[in-house]
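Worksheet: one structure, shown below.
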Amino acid sequence: MELKLRQSGKKKDGKVTVADSIFATEYNEALIHQALTAFMAGSRAGTRAQKSRSDARGGGRKPWRQKGTGRARSGTIRSPIWRGGGVTFAARPKDYSQKLNKKMYRGAMRSILAELVRQDRLIVIDEFSVAEPKTKEMVARLKTLDLSDVLIVTNEVSENLFLSTRNIPHVDVVDTEEINPYVLIGYEKVLMTQGALTRVEELLA
């Protein structure tokens, strides 16, 4: 299939040929949901931790004898019912990541890209770079392309491009190695350079 190729200069817009196996696949909502859930689960730190009665410092000696004091029996000052004691069901570091086969992940990515094409949300441009790190110029350039809520995908994110976009709300820039289901569906439009498009085809083939 062919996609419209926007030109960054004064040349007329052209066409670029892409693989039907990637950009014309059927929409698989269940697979996309599974890939997105797995990606978000893998992003969780899972570093929450608390001290149980065995982890809390101290409490090696029995506070008082078992009988004859008139008080309730107690074996350690680090009991969960004591102030300064351990937590009854202490939280432990946990790995939330979910296993997702590479074939399923690539299938989900292909389905997302194909749906972006069907909804006219994927825009291909010959190149996208800036000479200076100026936010004002980037805003003006995006305005000429009629883009406000957009993800910019390039082969390599230059420092000037990163600095020009980091203060613009609802605009982000990533390279082809960082694209994932979460960022692809999180913006109204996806602006992808021709070089990035070729690289994505190689990764998802």
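The values are calculated or read from the model by the stated rules, or taken from the named source; none is laboratory data. In this text the structure is predicted, and so the values were computed from the model without any measurement. Counting neighbours? That spans all protein chains shown, and the Cβs are built from the backbone with ideal geometry, glycine included.
So, of the residues in segment 39-63 that are in a loop (DSSP other than H, G, I, E, B) and surrounded by 13 or more Cβ atoms within 10 Å (Cβ to Cβ), which turns out to be farthest from the chain's Cα centre (by Cα)?
PRO63
Between VAL124, VAL139, which is more than 29 Å from PHE39 (Cβ to Cβ) and of a type outside the set (Ser, Thr, Tyr)?
Sole residue among the options that is more than 29 Å from PHE39 (Cβ to Cβ) and of a type outside the set (Ser, Thr, Tyr): VAL139.
Looking at segment 191-205, which of the residues that are crowded, with 21+ Cβ neighbours inside 10 Å and under 19 Å from the mean Cα position of the chain (by Cα) is farthest from ARG106 (Cα to Cα)?
Once the filter is applied, the top-ranked residue is LEU191.
Collect the residues in segment 117-158 that are of a type in the set (D, E, K, R) and either free of Cβ contacts under 8 Å to residues at least 24 places away in the same chain or within 21 Å of VAL183 (Cα to Cα) (or both), keeping them in residue-number order.
Listed by number, the residues that qualify are ARG118, ASP120, ARG121, GLU127, LYS136, ARG141, LYS143, ASP146, ASP149, GLU156.
Looking at SER164, SER129 in this structure, which one is over 17 Å from the mean Cα position of the chain (by Cα) and surrounded by 14 or more Cβ atoms within 10 Å (Cβ to Cβ)? If you could, list the steps in order and put the result at the bottom.
Details: SER129 fails: surrounded by 14 or more Cβ atoms within 10 Å (Cβ to Cβ).
Every option except SER164 fails the conditions.
Considering only segment 87-102, I want to know if a residue exists there that is assigned to a helix (DSSP H, G or I) and among the basic types (Lys, Arg).
Yes, some residue in segment 87-102 is assigned to a helix (DSSP H, G or I) and among the basic types (Lys, Arg).
Would you pick out the residues in segment 154-179 that are within 14 Å of PHE128 (Cβ to Cβ), in contact with a Phe, Trp or Tyr (Cβ under 9 Å, 6 or more places away or on another chain) and not in a helix (DSSP H, G or I)?
THR154, VAL171, ASP172, VAL173
When the residues of segment 18-38 are narrowed to those that are β-branched (Val, Ile, Thr) and farther than 13 Å from VAL117 by Cβ, which ends up nearest to the chain's Cα centre (by Cα)?
THR37
Only residues that are of a type in the set (Val, Ile, Thr) and in a helix (DSSP H, G or I): list them for segment 127-144, please. Spell out the reasoning first.
We begin by selecting, within segment 127-144, every residue of a type in the set (Val, Ile, Thr); these are 130, 135, 139, 144.
The answer is THR135, VAL139, THR144.
List every residue pair whose Cβ atoms lie under 9 Å apart, where the two residues are 6 or more positions apart in sequence or sit on different chains, the first residue falls within segment 52-64 and is of a type in the set (Phe, Trp, Tyr), and the second residue, located anywhere, is in a loop (DSSP other than H, G, I, E, B) and modelled with pLDDT of 90 or more.
Between residues of segment 52-64 that are of a type in the set (Phe, Trp, Tyr) and residues that are in a loop (DSSP other than H, G, I, E, B) and modelled with pLDDT of 90 or more, the close pairs are TRP64/ARG71; TRP64/ARG73; TRP64/SER74.
Which condition number does VAL124 fail, the rest of (1) touching a strand residue (DSSP E or B) at 6+ places or on another chain (Cβ under 8 Å); (2) part of a helix (DSSP H, G or I); (3) buried (at least 20 other Cβ atoms within 10 Å of the Cβ) being met?
The one condition VAL124 does not meet is (2).
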